[in-house]
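Read the figures in this text as sums done on the coordinates, not as results from a lab. Small disclaimer: the values here were computed from a predicted structure and weren't measured. Counting neighbours? That spans all protein chains shown, and the Cβs are built from the backbone with ideal geometry, glycine included.
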Amino acid sequence: MKPKTLVTRWLPADVLARLKTVSDVTMWPEADQPATRDFLYREIAQVDAVLSMLTDQMDETLMSHGDHLRIIANMAVGYDNIDLQAAKQRAIHVTTTPDVLNETTADLTFALLLAVARKIPESSEFLRSGQWQSWSPFLLAGQDVYGATLGLIGMGRIGEGVARRARGFGMKLIYHNRQRKTETEVDLGVSYETLDGVLQLSDYVVVLTPLTQETHHLIGERELQLMKKTAILINVSRGPVVDEVALYRALHQGQLYGAGLDVFEQEPIALSHPLLTLPNVVALPHIGSASIATRRKMAQLAADNIYEVLIGNSPLTPIV
Ligand code: DGY
């Protein structure tokens, strides 16, 4: 009998073709709605592998229903939706999709930075709503990107991609990371700073650190107060790395110039959320890696990880 795989969101057939040669695949049919918890409980009991999304909580309770489970292949570089300890105890491999999304996510990070700095969504809305009366000296004037200081919090491959783009904009580059990256410092001309140093010196602070117990609310009231009043905060990692209540307060009180957010503490963010009332916030629905080519590569890498494990090889990009 072929091993079984559960895919928790609709994915294109060609991405799953190779996997289907070694496994029977059950797929949640919706592209835009996550699999229900009931569906997951029912199906996980039958399968050897799960191709999961960041919206699926792969916790201990769910895993305890998966007696035959050998691998959870998350279609994301983040894995804060997976209880790694529980997976380890059950000898379940956990894989992610690193690297294939670096450049696409760095593109979006830069787009978000530019959008906030130069008020692009606000300006577009201004025009479309018929408010444009005349060219005017300071109409929708924003902040310069060229020549400004960019501070990266988290310096992995996506951070390196952002740094390369920033060099093209003549930006001064500083970063903070758990471990110093001396080679990257030389290659990309970035200087290491303490976290407080990055916050105090940067015109743009880009948060790229993964969500862990240590990084939960890493950017809170104290940290926001350290930032320049003219500075812009960009978060493209995970929502809970930034304390949204503190962020709203800082923006509302003019302690910060603006924020670009691709991720939120609760996703989707409620339309009534105070952050969405602020004109100096550009908010996106977690689309950092969302180019068609990159999402296909992520799905393929997740499927390939399962394929390898099911034919008895090691996974390609394991976490556990
Ligand atoms: C990830 O991969 O973790 C992103 O948040 C989605 O691309």
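Given contacts defined as C-alpha pairs under 8 Å and at least six residues apart, what's the relative contact order of the range 202-284, whole-number percent?
30
Measure off 7 Å from each Cα along the Cα-to-Cβ vector at E214 and I292, then give the distance between these two points in nanometres to one decimal.
Computed distance between label sites E214 and I292 equals 4.1 nm.
Taking only C-alpha pairs under 8 Å that are 6+ residues apart, what is the relative contact order of the chain in percent?
Relative CO of the chain lands at 19 percent.
Could you name the lysines whose alpha carbon sits less than 30 Å from that of K229, not counting residues in the same chain fewer than 8 places away?
Hits, sequence-local ones excluded: K119, K172, K181.
Given contacts defined as C-alpha pairs under 8 Å and at least six residues apart, what's the relative contact order of the range 102-283, whole-number percent? Don't jump to the answer; show the numbers that get you there.
Working: 323 pairs, mean separation 37.1, N = 182.
Result for the range 102-283 is 20 percent.
Which distance in Å, rounded to a whole number, links the C-alpha centroids of the range 223-277 and the range 1-78?
33
Please list, in order along the range 101-116, the HN-Hα scalar couplings obtained from phi with the Karplus expression 6.51 cos²θ - 1.76 cosθ + 1.60 (θ = phi - 60°), rounded to whole Hz, x for Gly and Pro.
Working through the residues one at a time gives 9, 4, 5, 5, 6, 5, 4, 5, 4, 5, 4, 5, 4, 5, 4, 6 Hz.
Can you tell me the length gained on complete extension of the stretch L271 to Y41, counting 0.36 nm per residue apart and subtracting the Cα distance?
79.8 nm
Relative to the longest principal Cα axis of the chain, at what angle does helix 157-168 sit, 0 to 90 degrees, rounded to 10?
Helix 157-168 and the main axis of the chain meet at about 30 degrees.
Helix 292-310 versus the longest principal axis of the chain: what angle, 0 to 90°, nearest 10, using Cα atoms?
30
Any lysines with Cα under 29 Å of the K4 Cα? List them, leaving off those in the same chain fewer than 8 positions away.
Straight-line reach from K4, under 29 Å: K20, K88, K297.
Please arrange V25, V116 by how many other C-beta atoms lie within 10 Å of their C-beta, fewest to most.
Least crowded to most crowded, the residues run V25, V116.
Would you mind getting me the FRET efficiency between V186 and I319? Use the beta-carbon distance for r and R0 = 35 Å, nearest 0.05.
Result of the calculation: an efficiency of 0.75.
Treat each spin label as a single point 7 Å out from the Cα along the C-beta direction, and report the H65 to Q85 distance in nm.
Distance between the two pseudo-spin positions: 2.2 nm.
Based on other C-beta atoms within 10 Å, arrange D67, D80 from fewest to most.
D67, D80
Calculate the FRET efficiency for A31 and D99 from the Cβ-Cβ distance with a Förster distance of 35 Å, rounded to the nearest 0.05. Don't skip to the answer; put the middle values down first.
On the way: r = 24 Å, r/R0 = 0.70.
Efficiency at R0 = 35 Å is approximately 0.90.
For the chain, give the magnitude of the charge dipole about the Cα centre (Cβ charges: +1 Lys/Arg, -1 Asp/Glu; no others), in debye to the nearest 20.
500
Using every alpha carbon pair in the range 102-283, what percent of pairs falls into each 5 Å bin from 0 up to the bin containing the largest distance?
Reading upward from the zero bin: 1, 8, 17, 22, 21, 15, 9, 4, 2, 1, 0.
Over the Cα atoms of the chain, what radius of gyration and what Dmax do you get, in Å?
Expressed in Å, the Cα Rg and Dmax of the chain come to 21.3, 73.
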